[in-house]
1. What number of residues within the stretch 71-83 are under 28 Å from D135 (Cα atoms), crowded, with 18+ Cβ neighbours inside 10 Å and either without any contact (Cβ under 8 Å) to a residue 24 or more places away in the chain or not polar (S, T, N, Q) (or both)?
2. Starting from the stretch 16-34, keep only residues that are under 14 Å from G70 (Cα atoms), then list their pairs with residues that are open to solvent by 70 Å² or more (accessible area, probe 1.4 Å) and not hydrophobic (A, V, I, L, M, F, W, C) whose Cβ atoms are within a distance under 6 Å, requiring at least 6 positions of separation or different chains.
3. State whether one or more residues within the stretch 84-102 are under 17 Å from the mean Cα position of the chain (by Cα), open to solvent by 10 Å² or more (accessible area, probe 1.4 Å) and under 30 Å from W129 (Cβ atoms).
4. Under 6 Å by Cβ, and 6 or more places apart or on different chains, what pairs join a residue from the stretch 207-219 that is more than 14 Å from W130 (Cα to Cα) with one that is open to solvent by 60 Å² or more (accessible area, probe 1.4 Å) and modelled with pLDDT of 80 or more?
5. Within the stretch 178-201, can you find the residues that are open to solvent by 50 Å² or more (accessible area, probe 1.4 Å) and within 27 Å of P52 (Cβ to Cβ)?
6. Residues of the stretch 121-151 being buried (at least 16 other Cβ atoms within 10 Å of the Cβ) and over 21 Å from the mean Cα position of the chain (by Cα), which ones?
7. For the condition touching a Lys or Arg at 6+ places or on another chain (Cβ under 6 Å) and without any contact (Cβ under 8 Å) to a residue 24 or more places away in the chain, what is the one hit in G162, G111?
8. So which residues in the stretch 8-65 are of a type in the set (S, T, Y), over 24 Å from A217 (Cβ atoms) and not in a loop (DSSP other than H, G, I, E, B), if there are any at all?
Amino acid sequence: MNHHPPRPYGLAVQRLTDDQVGTVLEEVLLHGRRCRLLDTGTGRVPGARGRPQWLLAELVDGRLTGACPGARWRRSDQPSTADLSAPSPLPERWRILEVLVFGPHAQIRIGEGAEAGWISADAPGTLPWWSRPRDRSFLLQGWNGPAHSRTLDGPIPFSVTGEPSGARAVLPVEWVDFSGRSRPEAGGRTALESSGTWLTVREYWADDPDTGAVGVAFHRLTGVHTGVKPTGPEFDVGTGDEIGREER
């Protein structure tokens, strides 16, 4: 039996030093400054300057979110939404379950208690079609209508959402209610086009050397978006069949 997980195709991962972990936490969660490591990269993982950044921190006492499209962060623990957010875990690192700081090109993950951290991104080079990373998008929950989910004032988009259960969340994005419409496609087909507020994810594949089975072995968050669903699949309204990209 193989006790070592297979290496995902097309993925570069670099473990962070203790100093790098501390710098990321201080920049993002203490000083509210842009995460430089996502801009510069390190080791085998390249950076990309000027890309938007997002924050998702799971803490023992709640969740903290944020967005940084420029030089400074807007975080959910700031005054207008502090009652719906966990406070910053610094200097109490023991409160950290997981901190994700991510952009379209790379993700930093800091684990429980901030004892270790990693940065991940696409590896250079080409891959066979069956092993290329797959982009997916997931609808963020929130009850439609301004009485439940709304965008807050401010230069950096932020929203508060609610559900019939009473659960509420602070999201680092301008809110768009979920909706769908029919869109004509080639060959007389009709696609169901969805719009809303989405979390995007890139999935990486690996194959088991013993069985040959292929499955998703790693994923990283790539963004928070609004509007038309940014990735497939789409389905035929009449039959429910998936509409492939080559048919659009």
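1. Qualifying residue count, the stretch 71-83: 3.
2. Within 6 Å, the pairs are E27/R33; G32/R72.
3. yes
4. The qualifying pairs do not exist here.
5. F178, S179, G180
6. Within the stretch 121-151, just H148 meets the criteria.
7. That would be G162, the only listed residue that is touching a Lys or Arg at 6+ places or on another chain (Cβ under 6 Å) and without any contact (Cβ under 8 Å) to a residue 24 or more places away in the chain.
8. T23, T40, T65
The values are calculated or read from the model by the stated rules, or taken from the named source; none is laboratory data. None of these values were measured; they are calculated from a predicted model. In this analysis, Cβ positions are derived from the backbone assuming ideal geometry, glycine residues included, and neighbour counts consider all displayed protein chains. For the accessible areas, the whole protein counts, side chains as well, though only heavy atoms, and no ligand, DNA or RNA atoms are used. Shrake-Rupley method; radii C 1.70, N 1.55, O 1.52, S 1.80 Å.
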